[in-house]
Amino acid sequence: MPKPIIQVEKLSKLYDLGVVGATTFRDSMERRILNLLGQPDKTRKIGLKHRTIALDDPQAGPDPNSIWALKDISFTVERGEILGIIGRNGAGKSTLLKILSRITEPTEGKAVIRGRVSSLLEIGTGFHPELTGRDNIYLNGCILGMRKLEIDSKFDEIVAFSGIEKFLDTPVKRYSSGMFVRLAFAVAAHLEPEILFIDEVLSVGDFDFQQKCLRKIGEVSKEGRTIIFVSHSMNAIETICSRGIILSQGRVVFEGSQLDAIRCYIASSTENKK
């Protein structure tokens with residue numbers, strides 16, 4: 001029996017509130033040395049003088065100002081499946097996709113990915129603002145692990161789908177957010193990854209382009225590729241997904257069919273408003 005293409009086991013991510021990341025190589029080395037010596041890096045903390053997370057908060061971490069963005073997340077995704085992930089703002093959806101995309105390391109647990117990944121997480125991720133749309137197609141394709149010949153063969157399709165032909169040789173720093181999404185989605189969807197992660201970025205595009213993207217996602221799934229789709233659009237989840245997961249306060253609170261997930265999410269949202 002084939003193994004799942006995505007296998008997540010007890011995945012957790014802990015964040016310290018008020019901690020500033022290293023900004024230079026020297027900062028990084030100083031923090032590493034202090035860590036090896038077992039000494040706290042007090043110089044990098046913003047002045048949090050009181051507890052900001054209540055003791056009874058389900059996301060409270062081991063330290064007074066730490067929080068579990070994700071806690072004990074476990075699920076599997078089979079090859080060719082479209083999994084929808086829904087939840088309120090701050091539930092941990094984007095953090096989960098960043099870990100699966102290898103952008104962020106988990107604090108605990110593991111995520112096994114058995115395939116080539118393409119991610120559409122934030123507007124302009126992987127694009128260089130000073131380069132043109134044409135150059136960024138090749139840059140982004142290389143970042144995704146594609147060869148130049150592979151990008152060449154798909155180039156015309158990418159440009160046609162994005163609808164930015166007139167601006168192809170314009171630096172992308174002059175693109176609107178909608179144009180960014182058009183080009184980013186076109187690259188991610190046409191370079192044939194085995195796994196595609198999509199965060200809530202399609203909402204930036206206009207209605208016609210959103211529908212075009214949803215149709216493309218359906219086509220991609222029929223080719224046997226796997227998709228994890230994060231969205232606040234229940235219509236999109238219902239239309240393209242076969243299964244749904246609800247995240248709440250960093251934990252999986254429901255897993256089942258996409259229709260049952262939507263009903264459960266709407267019911268919990270209605271209950272919270274009372």
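Some notes on this structure:
- Flag if K3 is more than 29 Å from Y265 (Cβ to Cβ) and modelled with pLDDT of 80 or more: yes
- Filtering the range 140-151 to residues that are in a helix (DSSP H, G or I) and either open to solvent by 60 Å² or more (accessible area, probe 1.4 Å) or at positive phi (or both) leaves C142, I143, K148, L149.
- Being out of contact with any helix residue (DSSP H, G or I) (no Cβ under 7 Å at 6 or more places or on another chain) and among the polar types (S, T, N, Q) is a condition met by at least one residue of the range 174-190.
- Checklist (1) open to solvent by 60 Å² or more (accessible area, probe 1.4 Å); (2) touching a residue at least 12 places away in the same chain (Cβ under 8 Å); (3) under 21 Å from H232 (Cβ atoms) applied to N89, failing item: (2)
- Looking only at the range 52-74, and only at residues there that are farther than 24 Å from L97 by Cβ and open to solvent by less than 100 Å² (accessible area, probe 1.4 Å), the one that is modelled with the lowest pLDDT: T52
- Filter result (assigned to a strand (DSSP E or B) and either of a type in the set (S, T, N, Q) or farther than 19 Å from A184 by Cβ (or both)) within the range 223-253: T226, R243, G244, I245, I246, L247, S248, R251, V252, V253
- Every test in (1) assigned to a helix (DSSP H, G or I); (2) closer than 25 Å to R102 by Cα; (3) in contact (Cβ under 8 Å) with a residue 40 or more places away in the chain is passed by V220 save one, and that test is (3).
- The set of residues from the range 68-88 being among the small types (G, A, S) and assigned to a strand (DSSP E or B) comprises A69, S74, G84.
- Residues satisfying the stated conditions in the range 83-109, i.e. more than 11 Å from the chain's Cα centre (by Cα) and within 20 Å of S248 (Cα to Cα): L83, G84, I86, G87, R88, N89, G90, A91, P106, T107, E108, G109
- Members of the range 219-274 that are of a type in the set (V, I, T) and over 26 Å from G115 (Cβ atoms): V253, I262, I266, T270
- Subset of the range 100-118 [part of a loop (DSSP other than H, G, I, E, B) and over 26 Å from E192 (Cβ atoms)]: E105, P106, T107
- Subset of the range 154-178 (residues that are farther than 18 Å from G141 by Cα, within 24 Å of the chain's Cα centre (by Cα) and either part of a helix (DSSP H, G or I) or of a type in the set (F, W, Y) (or both)): K173, Y175, S177, G178
- Residues being part of a helix (DSSP H, G or I), open to solvent by less than 80 Å² (accessible area, probe 1.4 Å) and in contact (Cβ under 8 Å) with a residue 12 or more places away in the chain - total across the range 119-139: 5
The values are calculated or read from the model by the stated rules, or taken from the named source; none is laboratory data. Just so we're clear, the structure is a prediction, and the values are computed from it rather than from any experiment. Heads up, the Cβs are rebuilt from the backbone with ideal geometry, glycines too, and the neighbour counts pull from every protein chain shown. Heads up: the accessible areas ignore ligands, DNA and RNA and are worked out on the full protein's heavy atoms, side chains in. Shrake-Rupley method; radii C 1.70, N 1.55, O 1.52, S 1.80 Å.
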